[in-house]
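Following: one structure in structure tokens, then a few remarks.
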Amino acid sequence: MTDRRLWSYKDIAAHIKVQPDTVRSYRKHGLLPSPDHVESGKPYWYPDTIRAWVAGRPGNRSRRE
């Protein structure tokens, strides 16, 4: 079953262990996926959208040793 809760900047920041301002900066610089939903001007993402983005981020790949 797909998680349909929506994540804010704060939720994404907690998931990737950075500050919310860092996530805002990622969006400003085009590094974050487009929001799945916008309400009252605030962007929100589904957890699956963010998990897929995290999996594909440079420097987040599994190391082979």
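Computed quantities for the displayed model
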quantity: Only listed residue being modelled with pLDDT of 95 or more, open to solvent by 50 Å² or more (accessible area, probe 1.4 Å) and among the small types (G, A, S), chosen from G59, G30; calculated: G30
quantity: Subset of the range 1-16 (residues that are open to solvent by 60 Å² or more (accessible area, probe 1.4 Å) and either among the β-branched types (V, I, T) or under 11 Å from the mean Cα position of the chain (by Cα) (or both)); calculated: T2, L6, K10, D11, A14, H15
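The values are calculated or read from the model by the stated rules, or taken from the named source; none is laboratory data. These numbers come from a predicted model, not from an experiment. These accessible areas exclude ligands, DNA and RNA; they are computed on the full protein's heavy atoms, side chains included. Shrake-Rupley method; radii C 1.70, N 1.55, O 1.52, S 1.80 Å.
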